[in-house]
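Please read the structure below before turning to the comments.
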Amino acid sequence: MDLYDDEQQRWPTVLGSNSLYLIVLVLMIVISSTVFGLFMLKDMNTERWLIATLIMEAVVIGIPPLIYLLASRMDIKHVARINRVRGMELLLVLGMAVFGYAIVAFINAVWYSILSRIGSPVQPAFPPIKTGRQYILAIIAMAAVPALVEEFLFRGVILRGYERFGARKAIVASGVLFGLLHLNLVNLPAIIFLGIMISYVVVRTNSILSGILYHFTQNFLSISLLFFQEYVQGYLGDGVTAQQSVEQIPPELLAGAMAILGIIAFFCLGLFAACVASFNRITHGKERVRNLMFGEMKGPSIKDMLPAIAAGGIVIAYLCAEVITMIRGA
């Protein structure tokens with residue numbers, strides 16, 4: 001991997017990246033609990049929930065990294081990799097995101113099945129998306145805005161901070177941190193896989209725009225699926241009720257569904273691998289990682305990692321509470 005030659009360029013540090021991550025995590029937990037708690041008291045509807053989500057994403061996740069970069073006098077365009085991407089690269093990233101969605105869905109299904117043997121997994125709560133207006137608002141609030149602000153945080157800052165350990169470790173670390181910040185046990189392995197893949201395409205193309213496209217596509221497909229499910233449910237009428245958990249699905253039906261999903265995932269895996277192979281070929285030599293700054297030649301100190309350790313403790317406590325709720329729900 002090539003290094004930038006500008007030794008005067010300021011870069012995010014490991015301590016700065018970890019501190020920023022801890023701040024965003026705490027803000028997200030506190031503000032989301034407060035805001036959504038107040039909305040629930042007022043019988044929150046779908047559009048209210050989406051607007052609240054949009055504002056929280058923009059303020060809690062988007063503003064802290066911007067303040068960090070401005071306060072540290074960093075070149076935002078250079079640090080965040082706001083660079084052009086060739087059309088063919090974007091096309092292959094789009095193919096990876098679309099075909100990778102089936103892989104993500106299969107990972108989710110397998111993991112959900114495993115968790116169901118322990119208790120009753122708690123699915124993320126989303127309001128029903130029933131109208132075209134709600135669908136457009138959902139795409140903005142749950143796909144477009146998260147793709148922008150979360151990529152700015154993770155691939156624009158945190159990935160850069162961890163690049164002092166090398167590109168591969170930075171890709172994995174930023175992907176894992178991305179997954180953990182979602183505080184979602186049910187989708188955790190799939191989100192970590194998604195985070196690693198997004199970090200990978202950003203490094204390979206040397207542009208955050210490819211990560212935004214990948215992220216937006218995945219969220220767009222999820223929202224569209226939710227909308228389609230609501231449409232089908234409305235068309236079939238109230239007499240048909242969707243299964244709420246794996247335990248409610250007959251074993252033979254569950255096995256058949258898993259088999260079909262596995263076949264689709266296997267087929268998509270081949271197309272996904274083809275896209276990745278072509279992507280690697282056309283981006284060869286384009287990837288860039290930053291230079292090490294003064295004082296970064298030695299390994300990270302406890303001080304550098306302390307915010308990450310604190311954040312890890314919070315996430316573990318949160319997920320353990322979810323496991324206890326899941327077991328009690330059984």
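Annotations for the structure displayed:
- Rounded accessible area of residue 323 (nearest 10 Å², 1.4 Å probe): 50 Å²
- Accessible-area ranking of 152, 126, 165, largest first, probe 1.4 Å: 126, 165, 152
- Total formal charge among the other residues, if their Cβ is under 15 angstrom from that of residue 282, Lys/Arg +1 and Asp/Glu -1: +3
- Take region 71-119 with all the other protein chains still there, run a 1.4 Å probe, and you get 52 Å² of accessible area per residue.
- 13 Å beta-carbon shell around residue 209, net charge (K/R +1, D/E -1): +4
- Distance from region 118-190 to region 65-81 (C-alpha centre basis), Å: 21 Å
- Other-chain or far-sequence residues with amide H under 5 Å of residue 83's (modelled H): 208, 209
- Cα→Cβ-extended label distance, 7 Å offset, between residue 77 and residue 291, nm: 2.0 nm
- Formal net charge of residues neighbouring residue 130 (Cβ-Cβ distance under 12 Å; K, R +1; D, E -1): -1
- Solvent exposure ordering (accessible area, 1.4 Å, most first) of 204, 48: 48, 204
- The simple Förster model, with R0 at 35 Å and r as the Cβ-Cβ distance, assigns residue 310 and residue 168 a FRET efficiency of 0.85.
- Shown here for region 76-161: trypsin sites (Lys or Arg not before Pro) in loop regions (DSSP other than H, G, I, E, B) with at most 12 other Cβ atoms within 10 Å, namely 84, 117.
- The distance from the alpha carbon centre of region 200-215 to that of region 258-289 is 15 Å, rounded to a whole number.
- For region 70-175, the convex hull spanned by the alpha carbon atoms encloses 193 Å³ per residue.
The values are calculated or read from the model by the stated rules, or taken from the named source; none is laboratory data. Since the model is a prediction, treat every value here as computed from it, not as a measurement. As a convention, Cβ positions derive from the backbone with ideal geometry for all residues, glycine included, and neighbour counts pool all protein chains shown. Please note that ligands, DNA and RNA were not included when accessible areas were found on the heavy atoms of the full protein model with its side chains. Shrake-Rupley method; radii C 1.70, N 1.55, O 1.52, S 1.80 Å.
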